[in-house]
Structure formats: structure tokens, C-alpha cells
């Protein structure tokens, strides 16, 4: 079978960003139901950090990355979903996106509309599908719902703010700095709070003392209990990230005494495990991007070989919006 070499980021042990190394591996021809994809842009996500650091265990050596965009170079037997030359994007449950070229299951690819460029697609696929899951499936947001959105200037948060406003929600954005507060306001958040302030009391005041309908918390340990405190009776806590570390274990009675709260910890791939819901969610996302309803904020780009620097900046909260790695 013909093989070709490709550049790739790998880590042979978990730890700090410095464990990420630029390497070269061989890529063969696509097998049944696979395509060989020449990647043009790779999305950076916090889950990449979790795997590199060892918070989420993966086989070693590991290659981070859940999403990318590129051009189909070759297709294997049985592939009907795409053709050679198609511009496509993907978000996979498995990792490995930090590569210039790779083999990908064809059924997990979605075609990129002409109105959406590759960098935007790479920055938006995992984060945008996550936002679609959170707003349209985990809790179906309705006009007038009050939402608390953590890390509102970040990759998922910035999409949540725009999409929620489009749905008619009242968005209370929580950010870590005045500069990020300006970003959240520019995205359409009606209320912007700083993490250093008493944002639980402020959120209660904004909602007339009642509390928010849903809290979307990607921060984890540092904010989890306060997010519960910010909810209205029978409100929903959606914990979907661990940027500050895993949330604490709690007794179900904590939900009861705060007003019979609901709590969920969704994982995107349980919502797009088959092709039909994947394509449906991606079409909804890309349609809103193409129409300008959602603008993907690519705050910074890095060369793929500089992935360690990108991880360092992400963990230090020095990034805004989405980050794209360029093979």
C-alpha cells in the first residue's frame, strides 16, 4: 500500500504543554469507509488540554485534537458521503486532529458550505455543535429564558451568546476581565458580569430575585456551587467543562434545598452518535454562520508545530474567541 509522510503533534507522556512534540508519521491509503484528508485548519479546544495533561486518559503516544477542516484527497471503498475535492469538516470522539494529513471515517464528515471558509469551519465545528447541543437539545431555549453563560468570550461561550440572543433569550455573560467584557457585549449579551464580583447576587438582581433559568458552566470547580446558587427554583445546571478542574461531588440534597434543581453533564458525542443527527446539527450551525447570525471569533492562530505555545496561552486565559492551528 502506498504511504506518505505527514507532520503531526504527539505526546509520549502527559504533563505540561512542553510534552507536545512535532513529529512525522506515515499515512497510508484510506481503507473501507475512510477518506484521506489534507487538513487546512485544526481547531483548539480545552478537551485537548485535558488529554495532554492526563485529566482525561488516552493511549500513549497521543495526538490531541477533535476537529479540523480540509480537502478530501482520496476515498476508500464504500465511501458515498463525500467525493475527492470536497471541502469538509469533522468533530470526532477520538483524538488525532493535530496533523497535516490523516485518515477519517467518511460518515463523520460534513460538507462545508461555500459561504464558510475552512478556518471558520475548523474553529466552529466542535464548539458550534456543542452550542447546538446545549441550546437546542440539552435544554431547548425559549424566548425570554434567562441564561448564565460562563467564559462568554471563549470559543463555545461566544457562540452560545450569539445563538441564545437569536433565540430571544436574556443572556447574562460571565467573563474574567474588562477586555473580555467588551467582547461579550459586542456579541450581544445584555448583561455582562466579572468573575471577581459577586455575580450570583448580580444575576439574582437582574432576574428580579428569582435566578436564571439555565446556567451553562464550562469552568467547573471554581464556579460550580455558585452556579447552582444562581439558578431559579427548578432551574437547570449544565456543567460541560472543567477549565478550573473537575466540579466537586455533591449530594442530591444540594439540588433539593436550592429549589428542586435539575443537573446534567452532557457529552456532545452522545447527541451526534449517528450520521443523521450530526448532519442535522451541522446544517443548522453552518446555516446560521452563513447568514451572519453567528460570527465566529478567531482570536488567534498558531502554526500547528507551535501547539505547545497555543496550549500555554489557552490555559493562561490569554486567548479570546476560538483558536486555530495551521498545518
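The values are calculated or read from the model by the stated rules, or taken from the named source; none is laboratory data. Fair warning: this is a prediction, and the values are worked out from it, not measured in the lab. Here the Cβ is made from the backbone with ideal geometry for all residues, glycine too, and neighbour counts use every protein chain on show.
Are there any pairs, at least 6 apart or on different chains, whose C-beta atoms fall under 6 Å, with the first in segment 302-327 and on the phi > 0 side of the Ramachandran plot and in the same structural domain as residue 117 (by TED's automatic domain parsing) and the second part of a helix (DSSP H, G or I) and buried (at least 19 other Cβ atoms within 10 Å of the Cβ), and if so, which?
321/158
For segment 148-240, please list each of the helices (runs of 4 or more DSSP H) lying entirely inside it that holds at least 1 residues being more than 25 Å from residue 268 (Cα to Cα). Working first, answer last.
Numbers: elements: 155-166, 178-186, 199-206, 224-229.
By residue number, 178-186, 199-206, 224-229.
May I ask you to list the residues in segment 51-67 that are on the phi > 0 side of the Ramachandran plot and either surrounded by fewer than 17 Cβ atoms within 10 Å (Cβ to Cβ) or in a strand (DSSP E or B) (or both)? Break it down stepwise before answering.
We begin by selecting, within segment 51-67, every residue on the phi > 0 side of the Ramachandran plot; these are 54, 65.
54 - this is the single residue of segment 51-67 that is on the phi > 0 side of the Ramachandran plot and either surrounded by fewer than 17 Cβ atoms within 10 Å (Cβ to Cβ) or in a strand (DSSP E or B) (or both).
Output the strands (runs of 3 or more DSSP E) that fall wholly within segment 244-327 and possess 2 or more residues being surrounded by 16 or more Cβ atoms within 10 Å (Cβ to Cβ) and at pLDDT 95 or above, or say none. Spell out the reasoning first.
On the way: elements: 262-264, 298-303, 322-326.
Strands (runs of 3 or more DSSP E) meeting the threshold: 298-303, 322-326.
I'd like to verify a number: residues in segment 30-39 that are within 11 Å of residue 99 (Cα to Cα) and surrounded by fewer than 20 Cβ atoms within 10 Å (Cβ to Cβ), how many? Walk me through it before giving the result.
Looking only at segment 30-39, we keep the residues that are within 11 Å of residue 99 (Cα to Cα), and these are 37-39.
Filter once more, keeping what is surrounded by fewer than 20 Cβ atoms within 10 Å (Cβ to Cβ): 38.
Total meeting the criteria: 1.
With respect to the numbered conditions (1) touching a residue at least 40 places away in the same chain (Cβ under 8 Å); (2) surrounded by fewer than 24 Cβ atoms within 10 Å (Cβ to Cβ); (3) within 18 Å of the chain's Cα centre (by Cα), which one is the sole condition not fulfilled by residue 105?
(3)
Of everything in segment 9-24 that's in contact (Cβ under 8 Å) with a residue 24 or more places away in the chain and touching a strand residue (DSSP E or B) at 6+ places or on another chain (Cβ under 7 Å), which residue is surrounded by the most Cβ atoms within 10 Å (Cβ to Cβ)?
9
Does residue 118 satisfy the condition of being under 30 Å from residue 204 (Cα atoms) and in contact with a strand residue (DSSP E or B) (Cβ under 6 Å, 6 or more places away or on another chain)? Break it down stepwise before answering.
Working: under 30 Å from residue 204 (Cα atoms): no; in contact with a strand residue (DSSP E or B) (Cβ under 6 Å, 6 or more places away or on another chain): yes.
When the stated conditions are applied, residue 118 does not pass them.
Return yes when residue 131 is over 25 Å from residue 208 (Cα atoms), assigned to a helix (DSSP H, G or I) and either more than 17 Å from the chain's Cα centre (by Cα) or assigned by TED's automatic domain parsing to the domain that holds residue 273 (or both) and no when it is not. I'd like the intermediate steps shown before the answer.
Values: over 25 Å from residue 208 (Cα atoms): yes; assigned to a helix (DSSP H, G or I): yes; either more than 17 Å from the chain's Cα centre (by Cα) or assigned by TED's automatic domain parsing to the domain that holds residue 273 (or both): no.
No, not satisfied.
State which residue is surrounded by the fewest Cβ atoms within 10 Å (Cβ to Cβ) when the search covers only segment 72-92 and only residues that are outside any loop (DSSP other than H, G, I, E, B) and touching a helix residue (DSSP H, G or I) at 6+ places or on another chain (Cβ under 9 Å).
In the first step, residues of segment 72-92 are kept if they are outside any loop (DSSP other than H, G, I, E, B); the result is 72-75, 87-91.
Keeping just the survivors that are touching a helix residue (DSSP H, G or I) at 6+ places or on another chain (Cβ under 9 Å) gives 72, 75, 87-91.
On the way: 72: 23, 75: 20, 87: 18, 88: 24, 89: 31, 90: 27, 91: 27.
Out of the qualifying residues, it is 87.
In the same structural domain as residue 57 (by TED's automatic domain parsing), over 17 Å from residue 38 (Cα atoms) and modelled with pLDDT under 95: which single residue out of 157, 94 fits that description?
94
When only residues in segment 208-230 that are in contact with a helix residue (DSSP H, G or I) (Cβ under 6 Å, 6 or more places away or on another chain) and more than 23 Å from residue 136 (Cβ to Cβ) count, which is surrounded by the fewest Cβ atoms within 10 Å (Cβ to Cβ)?
229
Looking for something at pLDDT 95 or above, farther than 27 Å from residue 297 by Cα and in contact with a helix residue (DSSP H, G or I) (Cβ under 6 Å, 6 or more places away or on another chain) - is there at least one such residue anywhere in segment 231-241?
The answer is no, given that none of the residues of segment 231-241 is at pLDDT 95 or above, farther than 27 Å from residue 297 by Cα and in contact with a helix residue (DSSP H, G or I) (Cβ under 6 Å, 6 or more places away or on another chain).
Check 50, 56 and return the single one that is farther than 13 Å from residue 99 by Cβ, out of contact with any helix residue (DSSP H, G or I) (no Cβ under 6 Å at 6 or more places or on another chain) and modelled with pLDDT under 95.
Numbers: 56 fails: out of contact with any helix residue (DSSP H, G or I) (no Cβ under 6 Å at 6 or more places or on another chain).
The match here is 50.
Testing residue 27 on (1) over 17 Å from residue 242 (Cα atoms); (2) surrounded by 15 or more Cβ atoms within 10 Å (Cβ to Cβ); (3) free of Cβ contacts under 8 Å to residues at least 40 places away in the same chain, one condition comes back false. Which one is that?
(3)
Within segment 282-302, is there a residue that is closer than 22 Å to residue 97 by Cβ and more than 17 Å from the chain's Cα centre (by Cα)?
Yes, that holds for at least one residue.
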